[in-house]
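Working notes, beginning with the structure itself.
Each reported figure results from applying straightforward, stated rules to the coordinates on display, with no laboratory input. As the structure is a prediction and not an experimental result, all values here were calculated from the model. Don't worry about glycine lacking a Cβ; one is built from the backbone with ideal geometry, like all the others, and counts go over all protein chains shown.
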Amino acid sequence: MFLFEEEAGLVQDREDLLSILRMRFGEMSPDIVQSIYEISDLNTLERLILVAANAPTNKVFLEELQEEGSFRIVGDRFNPLSTFRDGGM
């Protein structure tokens, strides 16, 4: 992949991640947005997109944002419907 293609992919994945987060949890703080824009690894961004789509709370996403390298997204911790089941929303 050419450098400009990789950079374009990074920009698109960052924007996709922020869009998912805004849809699911509302506006993000400038610190979180800055943290996301500092990520320069496509695999990390793709993992965080999956986390953002499946984490039941913003807190779970923020915990995963601090993790490095883990790609295991399983269990109730990543069930977006668990808040409905537990009486939330």
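Sorting the segments 16-22, 47-53 by their residues' average number of neighbouring beta-carbon atoms within 10 angstrom, most packed first, yields 47-53, 16-22. Listed peptides 4-12, 28-36 appear in the order 28-36, 4-12 once ranked by packing, highest mean of other Cβ atoms within 10 Å at the front. Expressed as a whole number of Å, what is the distance separating the alpha-carbon centroids of the stretch 3-25 and the stretch 31-50? If you average the Cα positions of each part, the centres end up 8 Å apart.
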